[in-house]
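The values are calculated or read from the model by the stated rules, or taken from the named source; none is laboratory data. All values derive from a computational prediction rather than experimental measurement. Positions of Cβ are generated from backbone atoms using ideal geometry, with glycine treated the same way; all protein chains shown enter the neighbour counts.
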Amino acid sequence: MLNNLVNRHDADRLLRKVRRLELDPVLAKLRVRGGARVVQHWSRVDPSLTEWWAIPAVVRRWNLLMTGDADTSFPAYVAAEHFAPRTDLRGMSLGCGTGGNELLWARTGAFRLLEGVDVAQQRIDFATRAAAENGLADVLRFRVSDVNRMTGDGERFDVLLGLQSLHHFDDLDATLPRLSQLIEPDGLFVVDEFVGPTRFQWTDAQLEAADALLAALPEERRRLADGRVKHRVVRPSRLSMVLDDPSEAVDAAALLPGLRRHFDVVEERPYGGTVLHIALSGIAHNFLDDQPATLALLERCFAAEDAALPEVGHDFIAMICRPRRPAGTP
């Protein structure tokens, strides 16, 4: 309907909220506009255990695809292959959220200082406490800042991290060159990102593969947190995406071409997610253990995605980039 501006699932979701007397939060979203809605959305700090990133076996799969070793994380790999022997790097992480990723990068020992910036004060406060609790307050520093306002003041970093934050940026042909200004000429831009469909407008091939995966799982493994059973993946309407978070995947499909256009790519490691991300969304809490039965089901899920990837492509990618030198620069 109207290029999926709205769909019948919006009505279904609204009806469920009315039945649960949860209409006030919906109306509250309508009263908050633009950037304020983004800040409101990202002010929550509670970790979700219902999404694919919470599953230990999924994380090991990411490691394998990104580094070649299921037990070697992307931060450890990059530190060994691209940062060593430096231990004095000054870095910045864009859209750091609650600082979980930044803790992993700080633990590599490559940074003298790693700063994280985010628009939500609650998340910055949480990240600051986590750094102190983990004994990394001398390495990690967090502050509220709008990245778009940071460029142009001459500040540069040895390493810029874009960790599941860049797909929240729009106007990429203007934004990406501004981000390159934050990187030293010999510095690195390290990216771990969603590069799939803009506004999560999943392709028909994606939906078909994800629904087939779901149909092969036992019902008890498809239970949502509210007790309902997940039968298929829904392509969200564009209106619902804007109401939930106007920045979510706002220009995601243009991100990978933009990175290739504005930076020199040193290394590129796609790691799928095109099927697993959407199939396991909302039901990941049923796969958190490493029991044999759980791992066997997940291996079937991984095999299903691997079989689909030649057709559907990769929605997630890890990259090492450098600022592009002007033509004629040695």
* To do: For the stretch 128-164, enumerate the residues that are of a type in the set (G, A, S) and modelled with pLDDT under 95.
  => S145, G152, G154
* Asked: Hey, does the stretch 141-148 have a residue that's farther than 27 Å from D173 by Cα, touching a residue at least 24 places away in the same chain (Cβ under 8 Å) and among the aliphatic types (A, V, I, L, M)?
  -> no
* For the stretch 109-155, what are the residues that are buried (at least 16 other Cβ atoms within 10 Å of the Cβ) and not aliphatic (A, V, I, L, M)? -> F111, E115, G116, D118, R123, F126, T128, R141, F142, S145
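Looking at R261, R221, can you tell me which residue is basic (K, R) and either crowded, with 18+ Cβ neighbours inside 10 Å or closer than 25 Å to L297 by Cα (or both)?
Numbers: R261 fails: either crowded, with 18+ Cβ neighbours inside 10 Å or closer than 25 Å to L297 by Cα (or both).
Selected residue: R221, the only one of R261, R221 that is basic (K, R) and either crowded, with 18+ Cβ neighbours inside 10 Å or closer than 25 Å to L297 by Cα (or both).
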* Single condition E81 does not satisfy, out of (1) in contact with a Pro (Cβ under 8 Å, 6 or more places away or on another chain); (2) among the charged types (D, E, K, R); (3) exposed (fewer than 14 other Cβ atoms within 10 Å of the Cβ) -> (1)
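Residue-wise test of (1) in contact with a Cys (Cβ under 7 Å, 6 or more places away or on another chain); (2) under 15 Å from D211 (Cα atoms).
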{"site": "L255", "(1), (2)": "no, no"}
{"site": "V266", "(1), (2)": "yes, no"}
{"site": "I278", "(1), (2)": "no, yes"}
{"site": "A303", "(1), (2)": "no, yes"}
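Listed residues H231, H285; which is over 25 Å from N63 (Cα atoms) and out of contact with any His (no Cβ under 8 Å at 6 or more places or on another chain)?
Details: H285 fails: over 25 Å from N63 (Cα atoms).
None of the other options fit; the residue is H231.
Of all helices (runs of 4 or more DSSP H) completely enclosed by the stretch 167-255, which ones contain at least 2 residues that are under 19 Å from E51 (Cβ atoms) and out of contact with any Leu (no Cβ under 6 Å at 6 or more places or on another chain)? Can you show your working first?
On the way: elements: 172-180, 204-215, 238-244.
Qualifying helices (runs of 4 or more DSSP H): 204-215, 238-244.
I'm trying to understand the selection: among the residues of the stretch 256-280, which are more than 30 Å from H231 (Cα to Cα), in contact with a Phe, Trp or Tyr (Cβ under 9 Å, 6 or more places away or on another chain) and outside any helix (DSSP H, G or I)? So that I can check it myself, show each step before the final result.
Of all residues in the stretch 256-280, those more than 30 Å from H231 (Cα to Cα) come to 256-269.
Within this subset, residues satisfying the condition of being in contact with a Phe, Trp or Tyr (Cβ under 9 Å, 6 or more places away or on another chain) are 259, 263, 269.
F263, R269 - these are the residues of the stretch 256-280 that are more than 30 Å from H231 (Cα to Cα), in contact with a Phe, Trp or Tyr (Cβ under 9 Å, 6 or more places away or on another chain) and outside any helix (DSSP H, G or I).
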* Report the residue count in the stretch 94-114 for those that are part of a loop (DSSP other than H, G, I, E, B) and under 14 Å from A80 (Cα atoms). => 4
* Which one of L213, L207, L188, L179 is surrounded by fewer than 19 Cβ atoms within 10 Å (Cβ to Cβ) and of a type in the set (A, V, I, L, M)? -> L207
* Just wondering, is there one or more residues in the stretch 180-189 that are touching a residue at least 40 places away in the same chain (Cβ under 8 Å), closer than 27 Å to I320 by Cα and under 17 Å from the mean Cα position of the chain (by Cα)? -> yes
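Please find, within the stretch 310-330, the residue that is surrounded by the fewest Cβ atoms within 10 Å (Cβ to Cβ) out of those that are farther than 25 Å from P75 by Cα and modelled with pLDDT of 95 or more. Walk me through how you get there before you give the answer.
Step one: filter the stretch 310-330 for residues farther than 25 Å from P75 by Cα, giving 310-312, 325-330.
Right, trim to modelled with pLDDT of 95 or more and you get 310-312.
Values: P310: 7, E311: 12, V312: 21.
Residue satisfying both the conditions and the ranking: P310.
For residues that are small (G, A, S), more than 27 Å from A254 (Cα to Cα) and assigned to a loop (DSSP other than H, G, I, E, B), tally how many sit in the stretch 117-153. Steps first, answer last, please.
First, the residues of the stretch 117-153 that are small (G, A, S): 120, 127, 130-132, 135, 137, 145, 152.
Filter once more, so that each one left must be more than 27 Å from A254 (Cα to Cα): 127, 130-132, 135, 137.
Going one step further and asking which of them are assigned to a loop (DSSP other than H, G, I, E, B), we end up with 135, 137.
Number satisfying all stated conditions: 2.
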* Asked: If you check G91 against the conditions, is it in a loop (DSSP other than H, G, I, E, B) and small (G, A, S)?
  -> no
* May I ask you to list pairs of residues, at least six apart or on different chains, whose Cβ atoms are under 7 Å apart, with the first in the stretch 211-222 being within 16 Å of L288 (Cβ to Cβ) and among the hydroxyl-bearing types (S, T, Y) and the second being in a helix (DSSP H, G or I) and modelled with pLDDT of 95 or more? => none
